[in-house]
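Colleague: This is the structure I have questions about; it appears just below.
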Amino acid sequence: MVKSIGSGVSNIRSGGQNWSSKDSTLTLNVTTPHLTKPLLAVAFLASFGSSMLYGYNLAVVNSPAKYIKDFYNETLLESHGLTPDGHLLTVLYSLTVSIFAIGGMTGALLVGRLVTKYGRKGTLVRSTALVFMGGALMGFSRWCRIPEMVIIGRFITGVHSGISLSVVPMYLGEIAPKNLRGFLGLVPSIHICLGVFIAQVLGLSEILGKEEHWPLLLSLVAVPTMVQLILLPWFPESPRYLLIERGDVHATIAALKWFRTKGNIQAEVEEMQEEQRSLSSMQTLSVCSLLMDSCVRWQVLTVAVVNIGMQLSGIDAIWFYTNDIFRNAGIADPYIQYTTVGTGAIEVISGMLGCFTIERLGRRPLMIGGFLFMGLCCAGITVSVLFQPQLSYMRYISVGCVIGIIAGFCIGPAGVPFLITAELFKQSHRPAAYTVAGCLNWMSNFTIGFVFPFLEIATGPFCYLIFCVVCLGVAVYTFFIIPETKNKTFLEISQMFATKNEICEEELYPNSELKMALMNGYGTLDFHNKK
């Protein structure tokens, strides 16, 4: 509750909020916020120009792989007089693919400082310069006959994806009302799936999958980024960032009015101020401080488990060997590219299914169900491959298991880890938490891409049992440790972890001497000592 300044205040009506005074205490008539056009527009715009590029860059190098290797072969012969063998070309192509993950890890390390200095929206707008640089390098590489431009361009676009993969869900999580945070939080994962699908469609031989078009295919990332750069600056910054980190009440109210258009803005301002009073420090914590803070021990462990588990679930390995599995199932080579596009469409549909059900089902069912289903399908691939020589129909079961893994991943595990990273931490801890989550995610991505070929050679189809164990382990951890965060405020979620972290109520509210006064019908901070 907020204490009234004037005893004579009986009714204050401002911006659609109704206030009644009784015993100098203000009472709120709370209405549930609805999805507004500005909220939906900024969610799609931020995801379209950032998250979609991550999915696009993951898949775009698959179709022109042969042409890129031929380009490396030609330019090395022209500039150095070398005729590289197949092994060297494979190494160069693998570097082209994996350098994207190294760039992503670099970008993830920058997230904490960038969002603290420039804000959430400000970071997204400024990081668009990286896409234009990387797209230009890749687009002109064939004309300049410089293969290094492709590799450097992939690294730079990786840095952008490393930044945006954390900042977009952070931004959307902070601007969304608690009853819509899950829905808006999964919009980026839909766009990641959409980016993969678009890259697969454009990479078809009938469209841009020709030798003369591969530089254009790689550089098309600049188009959605241009749209974002033109439109996103017109939208407000995160209200939580403006109030809690910048202390700008007027800008906070303006941002909330923009995103909500109607409803109880005061209730959200009060909730933000309650969170601000609970912070042990008004400054954003560093990664080292986050890791040493016993008050968030279980939250950090949870973020580590879900982000590592997301990548070690085998989804990247599945994509790597999809063509081989389809080929073994008897699908002719000319039609494999269309089958792959079909799996991309399944990704998009599954992502939309998760997005539209998360506020009804909650985070836990999507995570537990998704990882359990993926684990069963991983085991199914092992069994089907082992019995394929004896039972011809097993090849079709292996195809079904591949589709099942992709669908199970996109329904929940693809997007929920990024969402709950925002939900499990308060404002001062959130940037560092996203830095940790992003680094672990990208590091695991790089590791599985590097290790899996050797693992597959050593263990054969049994390697998928390792992914099965990882998926089942994350599902069990989610079931026993992670609480349901649906329709909870950030402070309420922190209180849910208080028992596990063995902290008392005084530690949750270390700044309880902060009081609020009313300014034009809205809350603002008034710092004074307890009497």
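Colleague: Sorted by accessible area with a 1.4 angstrom probe, largest first, how do TYR396, TYR338 fall?
Modeller: TYR396, TYR338
Colleague: If I require 18 Å or longer along the helix axis, counting alpha carbons, and a Kyte-Doolittle average no lower than -0.5, what helices from the chain are left? Use full DSSP H segments.
Modeller: Both cut-offs are met by 86-118, 120-139, 148-175, 187-202, 297-311, 315-328, 333-361, 363-387, 394-411, 430-459, 463-480.
Colleague: Per-residue counts of other Cβ atoms within 10 Å, averaged by peptide: what ranking do you get for 435-442, 180-187, 292-299, highest first?
Modeller: By packing density, highest mean first, the sequence is 180-187, 435-442, 292-299.
Colleague: Using only helices, what value at 222 nm comes out for the chain when you add -39,500 (n - 2.57) per DSSP H run of length 4 or more and divide by the total residues, to the nearest 500 deg cm²/dmol?
Modeller: Helix-only estimate at 222 nm: -22500 deg cm²/dmol.
Colleague: Once R0 is set to 45 Å, what does the formula 1/(1 + (r/R0)^6) return for the Cβ-Cβ distance between VAL223 and ASN487, expressed as a FRET efficiency to the nearest 0.05?
Modeller: 0.75
Colleague: Let me cross-check LEU82: its accessible surface, 1.4 Å probe, with only protein heavy atoms counted, in Å² to the nearest 10?
Modeller: Accessible area of LEU82: about 90 Å².
Colleague: Here is a further query. Peptides 161-173, 137-149, 233-245: what's the order by average Cβ count within 10 Å, highest mean first?
Modeller: Going by the mean number of other Cβ atoms within 10 Å, highest first, we get 161-173, 233-245, 137-149.
Colleague: On full extension of the chain, what length is gained from TRP143 through ALA129, given 0.36 nm per residue of separation minus the C-alpha to C-alpha distance?
Modeller: 2.8 nm
Colleague: Expected output is a single nm value to one decimal: the length gained when fully extending between HIS34 and GLU212, i.e. 0.36 nm times separation in residues minus the C-alpha distance. What is it?
Modeller: 59.2 nm
Colleague: While we're on this one: Longer than 20 Å from Cα to Cα, which of LYS257/LYS486; LYS121/LYS486; LYS426/LYS486; LYS121/LYS426; LYS121/LYS488 are they? Say none if no pair is.
Modeller: Flagged as over cut-off: LYS257/LYS486; LYS121/LYS486; LYS121/LYS488.
Colleague: Same structure, new question: Compute and list, largest first, the equivalent-ellipsoid semi-axes of segment 389-455 from the alpha carbon gyration tensor, each √(5λ) rounded to a whole angstrom.
Modeller: 35, 17, 5
Colleague: Using 0.36 nm times the number of residues separating VAL476 and ILE230, minus their current alpha carbon distance, what extension gain do you get?
Modeller: 84.1 nm
Colleague: Using just the alpha carbons, could you tell me how many Å³ per residue the convex hull of the chain encloses?
Modeller: 145
Colleague: Still on this structure, I have one more. Considering only protein heavy atoms and a probe of 1.4 Å, how much of the accessible area of the chain is carbon and sulfur, as a whole percent?
Modeller: The value for the chain is 66 percent carbon and sulfur by accessible area.
Colleague: A further question follows. At a temperature of 10 °C and a viscosity of 1.306 mPa s, determine how fast segment 178-314 diffuses translationally according to Stokes-Einstein, using the Kirkwood radius over alpha-carbon pairs as Rh; express D in µm²/s, rounded to the nearest whole number.
Modeller: It comes out at roughly 82 µm²/s.
Colleague: So with the 1.4 Å probe, I'd like the accessible area per residue for segment 259-383, rounded to whole Å².
Modeller: Accessible area per residue: 41 Å².
Colleague: How are the alpha carbon pair distances in segment 291-441 distributed across 5 Å bins from zero to the largest one, expressed in percent?
Modeller: Pair shares across the bins are 2, 9, 17, 17, 16, 13, 10, 7, 4, 3, 1, 0.
Colleague: How big is segment 49-188 along each principal axis, measuring the range of its Cα positions in Å and listing the largest first?
Modeller: Extents along the principal axes, in whole Å: 61, 26, 22.
Colleague: Mind giving me the nanometre distance, one decimal, between the label points for ALA41 and SER94, set 7 Å out from Cα along Cα→Cβ?
Modeller: Rounded to a tenth, the inter-label distance reads 4.8 nm.
The values are calculated or read from the model by the stated rules, or taken from the named source; none is laboratory data. Here the structure is a predicted model, which is why all the values come from computation and not from measurement. Using ideal geometry, Cβ is built from the backbone for each residue, glycine included, and neighbour counts are taken over all protein chains shown. The area values use the complete protein model at the heavy-atom level, side chains included, leaving out ligands, DNA and RNA. Shrake-Rupley method; radii C 1.70, N 1.55, O 1.52, S 1.80 Å.
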